[in-house]
Amino acid sequence: MVEEFMGYLRDDGSVGIRNKIVILPSVVCSSVVAQRISEKVEGSVALTHPFGCGHIGPDFEYMARTLAGLAMNPNVYGVLIIGLGCENLTSNILAKRIKNSKKPLEFFDIQDIKGGTIAAIEKGIKIARKMRNEANELKKEPFDFSHLILGLECGGSDSISGITANPVVGIVSDKIVELGGTVILPEFTEWIGTEHLLMKRAINEEIANQIKETIDSFIESTKKLGLDFRGAQPTPGNIKGGLTTIEEKSLGTIAKAGTAPIQGIIQYSEKPKGKGLWLMVEPGLDVESMTGLAAAGAQLIIMTTGRGTPTGNPVCPVIKICGNPKTCDWMRCNIDIDASEIITKDKSLEDLAQILWEKVKNVCNGKLTQSEILGHNELAIWRLPGFGLDISKLLNI
Amino acid sequence: MRKAFIVMAQKDNVATALKEIHEGEEIYYNNKKIRINRKIPFGHKFALKEIKKGEYVIKYGEIIGIARKDIREGDWVHTRNVKSAYLERYK
């Protein structure tokens with residue numbers, strides 16, 4: 001049987017599992033206007049953020065790439081960019097990038113229209129409503145899972161995440177790769193301790209060396225700040241919970257990415273350059289990480305949690321899976337898959353992987369996740385692209 | 001029924017407790033009876049077989065550390081008797 005899901009075909013060949021209209025403020029100054037527009041148009045979402053001005057060098061590139069990437073996500077039908085007019089990350093710059101996706105795209109600056117906030121909101125609502133009507137005409141079609149990019153994430157981990165939720169996700173991750181799909185594992189700070197194993201999984205020596213260089217250069221840079229990333233793990237709380245060494249902790253984390261070969265490393269918010277499993281350079285803050293995954297084109301994120309976390313993403317459904325019985329009880333409204341039966345009943349990792357796989361298919365077919373139902377639209381952008389550069393130089397110390 | 005422990009991979013020489021296991025309790029793994037030598041807290045590990053000083057501790061089928069001292073079958077396996085093999089390389 002061919003595994004398929006019903007999705008929306010985009011003009012660039014990508015496939016969405018949602019059909020959203022994005023209202024993108026190019027700068028914080030137009031964020032309230034963007035928010036008001038989205039409140040008046042069902043199925044639209046404002047990507048409000050506190051940035052857009054005063055960016056230089058790599059910071060500018062990361063910001064532009066991330067905001068444009070979110071707007072270009074396959075789950076997005078069309079984009080309306082609202083600029084102010086005097087910012088350095090202009091609506092025009094973002095529009096040029098987003099044009100590559102061939103999505104319906106409109107943009108204007110508040111300073112260019114007569115009537116300030118009120119006129120800008122009215123103009124925006126008209127444009128967004130028109131896009132919404134066009135989006136509604138689109139019919140879903142069946143696609144195989146080679147069209148899916150899955151992002152992996154963990155947040156609020158506990159000492160049992162690594163023996164419950166994470167390995168369950170690893171089984172599903174392998175299945176997506178097997179079906180020709182793409183998977184992205186971010187959070188490189190959590191690979192530390194397992195470089196040698198990730199290197200063994202790299203498809204060639206060049207990729208293996210990149211993995212090593214990525215981690216080594218980060219550790220060298222943070223050493224100059226007086227931080228010891230290797231020595232500080234596992235934390236006292238981890239040890240109390242039963243984790244003994246840094247490699248044990250990291251093995252539990254990378255268990256999310258199963259056993260597939262590693263095709264390469266991508267930078268924050270960068271699109272994978274092919275199918276299969278990819279690593280993303282990103283330091284491990286949940287919301288920043290999920291923003292980077294969605295900006296890289298992931299249509300779906302699976303997030304494991306132990307202590308529980310409510311966060312979602314504005315353009316990408318997030319499936320939460322949790323292995324902690326108390327969290328599954330106390331934060332039931334935030335958890336999609338209760339993996340605590342591995343502990344409380346005699347369920348195997350494979351049993352839970354089957355349940356998660358069914359959930360993945362349902363969510364791809366349009367079923368809302370808990371984070372969507374509760375309206376979790378958190379967005380945060382990694383602002384330390386000094387990684388890969390000399391961080392101490394960037395901070396001028 | 002609630003499981004007492006989980007073994008992540010066939011090659012592993014440690015298991016992780018899924019509930020508190022008491023001293024003197026006997027558990028069965030691969031048709032072998034293992035006597036637990038001291039209390040194992042929830043989420044902590046115990047040895048499925050003898051691990052001699054200097055030998056690797058294996059979980060997820062991978063090396064998670066080196067035994068600092070001889071570890072008997074059924075012993076609690078933690079920081080007191082295991083050190084990171086990874087950190088040794090960066091000393």
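The values are calculated or read from the model by the stated rules, or taken from the named source; none is laboratory data. Since the model is a prediction, treat every value here as computed from it, not as a measurement. Here Cβ is always computed from backbone atoms with ideal geometry, including for glycine, and neighbour counts include all displayed protein chains.
Quick notes on this one:
- Condition met for B:Ile66 (at the interface with another protein chain (Cβ under 10 Å from one of its Cβ atoms), in contact with a Phe, Trp or Tyr (Cβ under 7 Å, 6 or more places away or on another chain) and not polar (S, T, N, Q)): yes
- Test: residue in the range A:188-195 that is more than 9 Å from chain B (Cβ to nearest Cβ) and either charged (D, E, K, R) or in contact with a Lys or Arg (Cβ under 9 Å, 6 or more places away or on another chain) (or both): yes
- Checking B:Gly54, B:Gly43 one by one, the residue that is small (Gly, Ala, Ser) and either within 7 Å of chain A (Cβ to nearest Cβ) or without any contact (Cβ under 8 Å) to a residue 12 or more places away in the chain (or both) is B:Gly43 and no other.
- Any hit, the range B:77-84, residues being touching a residue at least 60 places away in the same chain (Cβ under 8 Å) and either closer than 29 Å to A:Lys347 by Cα or hydrophobic (A, V, I, L, M, F, W, C) (or both): yes
- The sole residue among B:Tyr60, B:Tyr28 that is out of contact with any Ser or Thr (no Cβ under 8 Å at 6 or more places or on another chain), within 11 Å of chain A (Cβ to nearest Cβ) and either within 26 Å of A:Leu197 (Cα to Cα) or not acidic (Asp, Glu) (or both) is B:Tyr60.
- Qualifying residue in the range A:178-193 (condition: over 30 Å from A:Lys361 (Cβ atoms) and polar (S, T, N, Q)): yes
- Condition check for B:Asn13 on (1) more than 10 Å from every other protein chain (Cβ to nearest Cβ); (2) closer than 16 Å to A:Glu248 by Cα; (3) surrounded by fewer than 15 Cβ atoms within 10 Å (Cβ to Cβ); (4) not charged (D, E, K, R): one failure, at (3).
- Taken over the range A:56-73, residues that are part of a loop (DSSP other than H, G, I, E, B) and surrounded by fewer than 19 Cβ atoms within 10 Å (Cβ to Cβ) amount to 1.
- Residue list for the range A:208-257, filter: surrounded by 24 or more Cβ atoms within 10 Å (Cβ to Cβ) and among the acidic types (Asp, Glu): A:Glu247, A:Glu248
- Note on the range A:205-266: enclosed helices (runs of 4 or more DSSP H) holding 3 or more residues that are within 12 Å of another protein chain (Cβ to nearest Cβ), under 25 Å from the mean Cα position of the chain (by Cα) and touching a residue at least 60 places away in the same chain (Cβ under 8 Å) are A:246-254.
- Strands (runs of 3 or more DSSP E) contained in the range A:125-192 and holding at least 1 residues among the β-branched types (Val, Ile, Thr): A:149-155, A:182-185
- If the condition is being under 26 Å from A:Val169 (Cβ atoms) and surrounded by 17 or more Cβ atoms within 10 Å (Cβ to Cβ), then the range A:97-156 contributes A:Phe143, A:Phe145, A:His147, A:Leu148, A:Ile149, A:Leu150, A:Gly151, A:Leu152, A:Glu153, A:Cys154, A:Gly155, A:Gly156.
- Among residues of the range A:112-168, those that are closer than 30 Å to A:Glu288 by Cβ, away from chain B (no Cβ under 14 Å) and at pLDDT 95 or above, counted: 19
- Top-ranked residue in the range B:69-91 [being surrounded by fewer than 19 Cβ atoms within 10 Å (Cβ to Cβ) and among the acidic types (Asp, Glu); ranked as nearest to the other protein chains (Cβ to nearest Cβ)]: B:Glu88
- Count of residues meeting criterion [in a helix (DSSP H, G or I) and charged (D, E, K, R)] in the range A:304-363: 9
- Matching residues in the range A:364-397 - criterion: being of a type in the set (S, T, N, Q), modelled with pLDDT under 95 and in a helix (DSSP H, G or I): A:Ser392
- When the range A:6-38 is filtered for residues that are in contact with an Asp or Glu (Cβ under 8 Å, 6 or more places away or on another chain), surrounded by 22 or more Cβ atoms within 10 Å (Cβ to Cβ) and of a type outside the set (Ser, Thr, Tyr), the ones remaining, listed by number, are A:Gly7, A:Val27.
- Where a residue in the range A:96-120 is among the hydroxyl-bearing types (Ser, Thr, Tyr) and its partner, wherever it lies, is surrounded by fewer than 17 Cβ atoms within 10 Å (Cβ to Cβ) and at pLDDT 95 or above, with Cβ under 8 Å and at least six apart: A:Ser101/A:Asp11; A:Ser101/A:Asp12; A:Thr117/A:Val32
- Residue match in the range A:101-124 (condition: in a helix (DSSP H, G or I), farther than 21 Å from A:Val28 by Cα and not acidic (Asp, Glu)): yes
So that you can scan it fast, the table gives a plain yes or no per residue for (1) farther than 27 Å from B:His44 by Cβ; (2) in contact with a helix residue (DSSP H, G or I) (Cβ under 8 Å, 6 or more places away or on another chain):
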residue: A:Ile215; (1), (2): yes, yes
residue: A:Gly226; (1), (2): yes, no
residue: A:Ile239; (1), (2): no, no
residue: A:Ile246; (1), (2): no, yes
residue: A:Ile266; (1), (2): yes, no
residue: A:Glu270; (1), (2): yes, yes
residue: A:Lys275; (1), (2): yes, yes
residue: A:Ser289; (1), (2): yes, no
